[in-house]
Each structure stands twice: as structure tokens, then as C-alpha cells.
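Asker: Below you will find the structure I want to go over with you.
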Amino acid sequence: MSKDQAVEDNAYMEKLQISNAIFTGGFNTVTRMHLIKLDTNNGGGLCTGCELSYTHVSDDEAENQDLSLLSMADDFETKDTAEFGSEVKKTRRPLAWKLSVSPTILISYRLLTIIRLLLLGFYLTWTLTHPNHESMWLWRISITCELWFAFSWLLEQLPRLYFVNRGTDVSALKDRFESPNLQNPKGQFDLPGIEVFVTTADPQKEPLLVTANTILSILAVDYPVEKLACYLSDDAGSLLTFESLVDTVKFARIWVPFCRKHGIEPRSPEAYFKQKHDFLKNKVRLDFAGDRRRVKREYDEFKVRINSLPETIKRRSDAYNAKEELKAKMNPSEMGENSLNEIKISKATWMSDGSYWPGTWEVPGEDDHSRGDHVGIIHVMLASSDAKPVYGSNKNGKNLIDTTNVDIRLPMLVYMSREKRPGYCHNKKAGAVNSLLRTSAIMSNGPFILTLDCDHYIYNSLALREGMCFMLDKGGDRVCYVQFPQRYDGIDPDDLYANHNTLFLDVNLRALDGLQGPCYIGTCCIFRRIALYGFSPARVTEHHGLFGTKKTKLLRRKLTVSKKEDDEMGTQINGYTLDCDDADDADTGSLPLPKRFGNSTSLAASITTMEFQGTLLQELESKGNQGRPTDSLTMPQEPLDVATVAKAISVISCVYEDNTEWGKRVGWIYDYLTEDVVTGYKMHDRGWRSVYCITKHDAFRGTAPINLTDRLHQVLQWATGSIELFFSRNNSVFATGRMKFLQKVGYFNIAVYPFTSFFILVYCFLPAISLFSRQFVVQSFVTLLTFNLVDSIILYLLAILETKWSSMTITNRWREKQAFVIWATSSYLAAVLQGLLKFIAGVNISYRLTPKLATAKDGDDEFAELYVVKWTFLMILPITIMVVNTIAIAVGIARALYSPHPEWSKLVWGMFYSFWVLCHFHPFAKGLIGRRSQTLNLFHVWSGLVSIIVLFLGIYMASPSGAQNHMKFQFP
């Protein structure tokens, strides 16, 4: 046997061992490797994960291993690339650029903003100088609300004055990193690695099939297979999620080659097979229809298996538990002295190979196997692939479709469930993602990370390449993350509860992109790993002065490694020390390395390798900074071994983060319900900038809660996180000079907007109070009407201009306004109260996982969840507002009809504003009533209100004429 063959066989053996083992461990727990089902025959075998045959080789035959990137970093830095560099520079094209907005639109938008600001100043001045002495208490309440509304609008409007659009060139990315050249004649991929983090916390609220479709879309994405790794964090430690992932891997061997062969879009099977358009359009291969039919049949069977998993695991566990109980009764001596009186058998959850599941058992209450008490688990479902493509074969009994000339490799896929123990704070989603961050650093160490919720799948297979255009282009070393907008499937056509969030996603975030970049919104985001580790960018601009008009550009010291023989600070690990300079805290740079990242030497050693892979090419770096040479990332990644996975187990222990900077300055930030916004804020505060990438075709799509109750609780959680941010040290008022002034304004608006709930609540009751008390805010309705008319026209013109550079429509804008009033009188108000309780009394705020929509079966109503009415305390105030305003209208009419001195003008304006309030609650009332076919339609509610009014008018007209003389309508 040749030495090369021995090395190749040894790599296969490593894949076999890794892919067929579950690693468990944790605090005060021995790290164990449990081998699962393995089929071996005559000294060979077949890996159930990667389906690769293997042979046993001796240790001597496998000594010659490929060098890692860390050991070869010095060789890369001394490689001569000047010869081809000059040739590249001649033909270099930019990967990304800014698209200028029309000056006509920009100038008009700014001019209208100034006009409305002057109009607000005029109105407030007039109101202050013309108080209504007949109802001073109402006047004072009104002027207070108006002042807040003007301030709130100014906070929201100022960051919108510098909006931009962006574009990318994916073909230029391919030419730069994948085309053959003098040093890379075969055109091997020189792109850096990307790791995809998917998080799930409850298989009941987050359906297994939804998560499986997300994983399938990741495995089929258009990116070099050997440079891609997918990590799934199962915070529930559920066997349901684990076995669904096993089935997903099996179906992926059919789905991924099918996508590559026929260029399928989107690459989530559920989304693809639900498309209504002609699937044969633009398909040129003759075997496409047959392949699609066979893959569709396999997917239907796959769905049946996934949906039946709960019952399958329950039956299997019941059978094994019954067997164990019978065995205990047959051998009572093994149970101890009291075995004759009582035999107690733990109701375990069993895996398919007949062994205990080390995670959470389905029957609660068992020590070491409950939702908050289990060991850490890592299982490599798919090992990393080699750089050399592996092509399939003709269609036969084993191969469902013909995959000749189709690369059938699959990216690396890892299942992880971090250790949980009673008495330890696990920090919700942020803690889970930080565990993934450490695990991936040891196992694959990609310099870029894509974060996805389990219900957000990749809709555009080129999404990763579009994001990398911003990271790898000139100036990309200052970009900490590329945020994509969230787009949704399954939202009702009317979008009753504004689930599309078009105002925030298509207006506010686009506007922040013209400053320092959009905030991080929790998913659909590509990160630079070095930024997540808490380091500052290579170059920083500091802003001084009242509004940050003075700028100072600083060249920061880059991440370096220096060897020290003696280090009193304790920063030395294996002879290396990390030198850094973080301005957010003067003591951060001098902290010992274990204090920052924990005591894992493998994690510390991975930092320099990762930083090298994420740097720009040499010809793109500015003077004084040395980039990486061209084609330095074309070599294959070092294969995983058992020792590496065992080291990864140690960093997901429940005690690993104790006395470290994780969750404070490193990784995702803890102690906030909206950890995403705070994490992005910390990066911007260090001087990083972010980019908003809106692609021609949606990059990602997900699901949103269309049920009223679930939507109310989702908004409550977001608003509570904003209140936590407002009362914290991370309020943008305390931001450093590295953050632009208007960026600070944008973050301050994110923290302060829930407080508007108090003032909107007052304004929702104000018309009804006026009708009841016959006292009004102002005396001159003509002036008020004139202001409202002019103000509405200006706001309408601003909305029209916003539609010119965003995808928002006027209808979306009205729906967003309705939703804002509904949330302000329900979720925002509750969020403010919760935030005040936490700040004043230290009351902890519970986290509620938003349920994800399950995939609708064929023939089912896609929007059935929209009509389900689930009571919550958040509905009390909106219902009260609707009832009070309706009664106020009826009382006002009755009082005017039978009053000897009616004030018709006040009645008309009171009714008008009450109707205006009720119009904002139309979506709420529609959702509260439920399905049209089962309950009263909203039309009947409004009909009843109109009938009451007509009834009073009829009584008035039927009364004696003499009684009507006093009823004359006139303006004051």
C-alpha cells in the first residue's frame, strides 16, 4: 500500500469514527464517546453518516498528515505573489458598491422634514400661547403628549436623512477567488470558510419539519462544500431533534445533488414544492420532470417519517422500558434489599440502537436527563469534505437520480446540545450561540459566521456569496457583520398585524446603512468572527464635538502574536500571548487570556489562524497592514479527530464561562431579552461598521406569528428588551466617540420608543373623555383642523418619497400605523412596566419562546392560525378603548339630541376623533372576532354602531318641531 493511499484511508477511518460517535461530557462528568450503529463486514465498514467505505490501517501508515493552516501561516506570509498580483490589479472589479439615491428624492425628503419640523414648532407655540381655560387639565395633558410625539418623531426621522442603496457583483467574486491563475492553475476555491449557526429550543413550539427544511437549504447552498459547516444547537437536548437531523441527512443525499444538477431555487424542499408557477419553465434537461417526481415522492415519505417521530420514539421507549422492568422483576437481587417491596424503573428515552439517550428524556423529573439538567452532547453528523469533488453515478437501484458529473459532497454538519445543570444561569439563546461560537472555533474555525433561526431558510442560494462581497472587498476589514432583511412566508394577504415590518426593515434599517450600519436583528446575519471576540477594527474613526462633526482617524494595532518566556499577567498560553487594544475599556486589552476567553488552549490557539483567514488580500490592504497572499486558502482543512471533538465538549460545559468575558464583551451579550440589538451596539461602539444587504431575490425567508396572541407576546418581548437597553450602561447616551452622532440617535430611538405607549394611551381615551365631559382640548377647531390637514399632507408626501427608494407602499404604511397604536396600548405598556420593575425592584423578566408555524398539510387552511382566539391580559386595554369610544359616540349623540343647548361642532369633532381611534383598532377587532364563517363578521359590529347612531337621529327627527329649534349646527 502506498503512503498516499494510507493517508487517504486513515482520513476515511477518522470520518467513520467521528460520524458514528456521540460525545458527551460536562462539569464533574467524564467525557465519553458512545459508538452508535455501525455495519462492518470482513474488516471493512460503511459509515452511516458519510456512507464511505473504510479499511483498517496501522498507525505507521498514517503518520504523514496534512499540515494545518496554523502551522503553515508563516509559509503563506512569505509566498511571492507579486508576479500575478500586477495582472490581477489590471482587471480587478469591485465586489460591492453604493447606489446613489436620486438627488431630487433626497433633497425633497430633507426639505419636507424641515417643513414639518417648522410646522410642529408653529403648532406647539400656538397651543402653548392659546390655552383652553375652560378645560385646563385636558389642555395640559394634550400639550404634554404633543411635545413627546414631536420629540419621538424627530428621533425617528433624523437617521433617515442619509439613506443609501447597495449593489454586489457575484461574478466578480468568482473571478477573484475561484478562477485559475498562475498560482492556482486548477481554480481551487480561495474563499474563506463560513459557519452557519442554527438554534432551536423546543421541538414542540418549533416544528421539526421547519428546522429540517432550514438545514436542507443550508446543505444545498451555492458555496464551496469544503468551506462550509453547519452547526445546530438543540437547547432542549431532545432526541426528537437529534433523530430528525439523522433523517434529514439521509434525504439530503438526494435533495442536494438534485438542486445542484437542475439549479433549483429555492433550496428548501417545502418552499420549492409549494410554488404555484410552472416548474418546467427554463429547465433544459430532459430528465428534469422524472427527477422532480421521484424527489417529490421521497420528500413526502420524509415528511411522514418526521411527523411520526414523536410516536415512534414513544413506542420504542415504552418497549425498552417494559423490557427493563421485566428484567428487573426477573432478577430482583440486582435491585437491592428493598427490591421485593418496590421496584422502580426510570422511564428512559431510548435511541434506535438500544441505548439511553444522554440528553432530555420525554418523561420529566429524572436527574441528569431533564430539560435543565443534562450533559453536553456533540455529534458530527457529516464530517468535513475534501477539496476534491466527488461525482455521482448513473441512476440505479441505489441512486434515485442520475448524478453523473454532479458533485455529491455534503458540507460538515454538527449536532450540539450544551450542558445544563440546576443552579446555573444558561442565558437563553445568547448562551446557546456562544457555545456554538466556541465549539466551532475548535472544530472548523471559519472566520465568518451566518446566524439563522430554525424557521429561516436560505431562499436564494447565492446569499452567502452576496454577503461575502462586502466582507472581502476593499474596506471590508472594517465590516463586523452583513445584515439581510427578514422576509416571511405564510402571512395573510391583508397582513393584519404588520408582520412584514416594512417600516423597520425597508426604511429604518436602510437609513442606518447610510450612517454606520443597521442594527443586528437576531437572524439572517453574516458576522466576522474576530468582531464577535471583542476586538476593535484595524482602522477607527473617532467623532468629537457636540454633534460629532470633528473626525480623527486612527490606525489600530492589528492582532499579533508574540512569544514570551515569562509573563506575570498570566496571558501566556503555550508560549503565545495576545496583544490587543480595546478602547471600550482601558483594562480589556491587559486582561489575561483565560479571563477573556476561558482556559481552553485550543480556543486560544484558533484565534490567530482565524484572523489570518479573514484578512483581505494583500493588494486590497492599505499601507501598513499586511494581508494574506492570493490562493493561501486553497488547501484542504485538516480532518477532525476524536481528540478535537473531546476538546470541543469541554467548552460547552455549564461552568466554562465562569470568571470570563463571555456575554460581557466577548460573543453575544447576556442579560437582555433582545441580545441581538445589544451585541450589534457593542460592535458599533468599538468602531466597526455594518452593511445592509438587500438582494434582488430574497436571501432568506422565515415564518412569523399570524395569531394575535402570539404576535402580542412577540412584540412584548422586543419592547421589553428595548426598555432593558434604556436602563442599562449600553444606552447610546453613554456611547464612545467611535459611534456617529446620528447612529447614537438611531440606537436611542430603539431604546426609548416603548415609552410612547403612555401618551398614545392617553390620546386614545381623550376623544371619549371630551364627549363625556363636553370639554375639549382647544377652542378653535378650525386651527386644529388646518394643522391636521397640512400635517397629513406632509406625512403623505414623505411616505411617497420613501416608497421611491424602498419596497414600502402606502398601504403598508397605514397598516404599520395601525399596528403601532395596537402595540402601544398593549405590549409596549406592559414592557415599560416590566422594565421598571426590573430596574427598581430587580424582578427578573421571563423569556417566552415564540411558537413557529407548522407546515400546513395539503388541503388545510394556510391561515387557520389567524382565526384562533387565545385570551391574554394584553387584550384588556385595546378592548376597553374600543368599548369606551363606542359608548362615548352614542352618549354624545344622545346628549346633543336632547340637550336644550347642543354644541354640534364639538360633537362632530369628538365623533371624528373617536372614529379615527376606532379605525386604528380595526385589525385588532378583526382578529379578536375570529373566523368569519364561525363567528360574527366585523361588518356586523360596525353595522351595530351605525344603527345606534341612526336610531338616535330617527328619534330626533320624529320629535315635535318645536323641540328642534334649539338644535342648530355652527362652528364656534
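What follows draws every value from the coordinates through simple rules; no lab data is involved. Just so we're clear, the structure is a prediction, and the values are computed from it rather than from any experiment. Note that each Cβ is placed from the backbone with ideal geometry, even for glycine, and that neighbours are counted across all protein chains shown.
Asker: At R0 = 22 Å, how high is the FRET efficiency between Leu111 and Leu785 if r is their beta carbon distance? Nearest 0.05 is fine.
Answerer: Working: r = 25 Å, r/R0 = 1.12.
That gives a FRET efficiency of 0.35.
Asker: Determine the shape class of the range 93-221: with a ≥ b ≥ c the square roots of the Cα gyration tensor eigenvalues, call it rounded for a/c under 1.5, and otherwise prolate if a/b is greater than b/c, oblate otherwise. Display every interim value, and only then the final one.
Answerer: On the way: a/c = 6.01, a/b = 1.97, b/c = 3.06.
Since a/c reaches 1.5 but b/c is at least a/b, the shape of the range 93-221 is classed as oblate.
Asker: Figure the gain on full extension for Arg92 and Val30 (residue separation times 0.36 nm, minus the Cα-Cα span) and round it to one decimal in nm. Numbers along the way, then the final one.
Answerer: Working: separation 62, 0.36 × 62 = 22.32 nm, distance 5.39 nm.
Computed gain between Arg92 and Val30 is 16.9 nm.
Asker: Between the DSSP loop rule and a limit of at most 14 other Cβ atoms within 10 Å, which chymotrypsin sites (Phe, Trp or Tyr not before Pro) in the range 249-314 are left? Write down the numbers at each step before the final one.
Answerer: Working: sites: Phe251, Trp255, Phe258, Tyr272, Phe273, Phe279, Phe288, Tyr299, Phe302; in loops: Phe279.
Answer by residue number: there is no such site.
Asker: Simple spin-label model, 7 Å along Cα-to-Cβ: Met136 to Asp494 in nm?
Answerer: 4.6
Asker: As a quick test, which of the pairs Lys276/Lys303; Lys327/Lys428; Lys276/Lys696; Lys303/Lys398 have an alpha carbon distance above 29 angstrom in this structure? Walk me through the numbers before you get to the answer.
Answerer: Values: Lys276/Lys303 20 Å; Lys327/Lys428 40 Å; Lys276/Lys696 20 Å; Lys303/Lys398 21 Å.
Over 29 Å Cα-Cα: Lys327/Lys428.
Asker: Could you tell me the calculated FRET efficiency between Phe727 and Asp386, based on Cβ-Cβ distance and R0 = 45 angstrom, to the nearest 0.05?
Answerer: Values: r = 52 Å, r/R0 = 1.16.
Given R0 = 45 Å and the Cβ-Cβ separation, E is 0.30.
Asker: Treat each spin label as a single point 7 Å out from the Cα along the C-beta direction, and report the Asn331 to Ser393 distance in nm.
Answerer: So the label points at Asn331 and Ser393 sit 4.5 nm apart.
Asker: Can you bin the range 738-865 into rounded, prolate or oblate? Criterion: square roots of the alpha carbon gyration tensor eigenvalues sorted a ≥ b ≥ c, rounded for a/c under 1.5, prolate for a/b above b/c, oblate for the rest. Present the calculation step by step, with values, prior to reporting the outcome.
Answerer: Working: a/c = 1.43, a/b = 1.24, b/c = 1.16.
Rounded.
Asker: Using a Förster distance of 45 Å, how high is the FRET efficiency between Trp814 and Thr736, based on the Cβ-Cβ distance and rounded to 0.05?
Answerer: On the way: r = 39 Å, r/R0 = 0.87.
With a Förster radius of 45 Å, E is 0.70.
Asker: Cα gyration tensor of the range 454-528, axes a ≥ b ≥ c as square roots of the eigenvalues: rounded (a/c below 1.5), prolate (a/b > b/c) or oblate?
Answerer: On the way: a/c = 2.77, a/b = 1.58, b/c = 1.75.
Note, shape of the range 454-528 comes out oblate.
Asker: Modelled label-to-label distance, Ala150 and Gln275, 7 Å Cα→beta-carbon offset: nm?
Answerer: That separation, rounded to one decimal, is 5.3 nm.
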